[in-house]
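Everything on this sheet refers to the single structure shown next.
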Amino acid sequence: MNSYFVTATGTDTGKTFCTTGLLRANPSLKAIKPLLSGYSLGQEAASDSGQLLAAMGKTVTPEAIAAITPWRYRAPLSPDMAAAREGQNISYNDLLAFCRAELAKGPTLIEGAGGAAVPLTQTKMTADWIADLGLPVLLVTGSYLGSISHCITTATFLLNRNIPIHAILLNQSPNAPVPEAETKAALERYLPCRIFPISRDAAAEDFKGLAL
C-alpha cells in the first residue's frame, strides 16, 4: 500500500467523494486534508475533513478536524486568497513538514484543495506541493461538458512537471452529456494513464478495483 496525492482538474469534481470511497475500500489507509477553504464552524460533519474522518471511522469533532486539517479558512477561495482574507499567510515549509510527518506514519492519502494549479502562496501552487512531496497522483475529473479538455490539460501539465499519475478517476457528473465509457475512450486516445470510471452511486466495493 502506497501513499498518494488526490488532486483534480478543478473544484467540485468529487475529490472527497473519491477519497472517502478509497478509505472505506482500504481500511489500512488514512487521509489528511491539510488545507480547507469554505470552512464553517458548526458544520464540521458536512465539511470535507468531516467526511474523511467519518470514512476512517473516527468521531467528527473540532479537535479531530484540526488534526487532519491544520489550515482552515472561511472564504470559499483559493487557499492563498482565503488566508489573506483572514490576515494570514500559509507557510509552505510548515505545510510540507506536516505532510511529511503524516506520511511517515503509514500509507496516506493527501487530499488537495481545488485543482492541480491552485495557488497556495505567492510563489507555490498545488503542483509544487505534490512534486516536493514526491507522491504519485490520483487525478479526479468529471464527465461534464468540457471535462475532456480540462482533464487532458491538467494531466499534461502534471506529466510535463514529471509528476506521475497513478490513475485518473473519472467521476460521473450530474447531467453528463455522454456515457462515461465514451469520455474514457476519448481520454485514452491522448493520455498514457489508467482511467477508472466512478458512478455517482459508487459504493466502497466499487473502489476496490483500483489497486493501490
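Once you have a ≥ b ≥ c as the square roots of the Cα gyration tensor eigenvalues for region 1-73, tell me rounded if a/c is under 1.5, and otherwise prolate or oblate according to whether a/b is larger than b/c. Oblate shape, in that a/c is at least 1.5 and b/c is the bigger or equal ratio. Taking amide H as placed 1.01 Å from N in the peptide plane, Gly38 has its amide H under 5 Å from the amide H of Tyr73, Arg74, Ala75, Leu77, each at least 5 places away in sequence or on another chain.
Our estimate of slack between Asp12 and Glu63, defined as 0.36 nm per intervening residue step minus the Cα-Cα distance, is 15.8 nm.
Summing +1 for each Lys or Arg and -1 for each Asp or Glu among the other residues whose beta-carbon sits under 15 angstrom from that of Leu212 gives +1.
Report relative contact order for region 4-207 in percent, whole number only (criteria: Cα-Cα under 8 Å, sequence separation at least 6).
Result for region 4-207 is 26 percent.
Residues whose amide H falls under 5 Å from that of Val6, counting only those 5 or more places apart or on a different chain, are Ile110, Glu111, Gly112, Leu138, with hydrogens built in the peptide plane.
Converting phi to 3J(HN,Hα) with the Karplus coefficients 6.51, -1.76 and 1.60 and the offset θ = phi - 60°, region 46-54 yields 7, 5, 4, 5, x, 5, 5, 4, 4 Hz in sequence order, with x at every glycine or proline.
Fully extending the segment from Lys105 to Asp201 would add 31.4 nm, taking 0.36 nm per residue of separation and subtracting the current Cα-Cα distance. Relative intensity of the chain on a log10 scale, I(q)/I(0) at q = 0.18 Å⁻¹, equals -1.37, per a Debye sum over C-alpha point scatterers of equal strength in the absence of solvent.
What the phi angles of region 96-108 give under the Karplus curve with 6.51, -1.76 and 1.60, with θ = phi - 60°, is a coupling list of 4, 5, 4, 5, 5, 5, 5, 5, 5, 7, x, x, 9 Hz, glycine and proline written as x.
A Cα-only calculation for region 166-212 places Rg and Dmax at 11.0, 30 Å. Rounded, prolate or oblate for region 98-152? Axes are the square roots of the Cα gyration tensor eigenvalues, ordered a ≥ b ≥ c, and the cut-off for rounded is a/c under 1.5. Taking the square roots of the gyration eigenvalues as a ≥ b ≥ c, region 98-152 is oblate. Counted residue by residue at 0.36 nm each, then reduced by the alpha carbon distance between them, the extension gain from Arg189 to Ala54 reaches 44.9 nm. Take each peptide in 76-88, 135-147, count the other Cβ atoms within 10 Å of every residue, and average; sorted highest first, the result is 135-147, 76-88.
Relative to one another, the C-alpha centroids of region 10-87 and region 132-166 are positioned 21 Å apart.
In region 4-207, how many lysine pairs have Cα atoms under 27 Å apart, counting only pairs 8 or more places apart or on different chains? Here the count comes out as 14.
Between Ala67, Ala104, Ala25, the residue with the greatest mean-square fluctuation in the GNM of the chain (Cα pairs under 10 Å linked by springs) is Ala104.
Of all aspartates and glutamates in the structure, those lying under 20 Å Cα to Cα from Lys208, and not within fewer than 8 positions of it along the same chain, are Glu111, Glu180.
FYI, it's all coordinate maths here, none of it is from the lab. Note that the structure is a prediction, hence the values are computed from the model and not measured. Every residue, glycine as well, gets a Cβ built from its backbone with ideal geometry; the counts of neighbours run over all protein chains shown.
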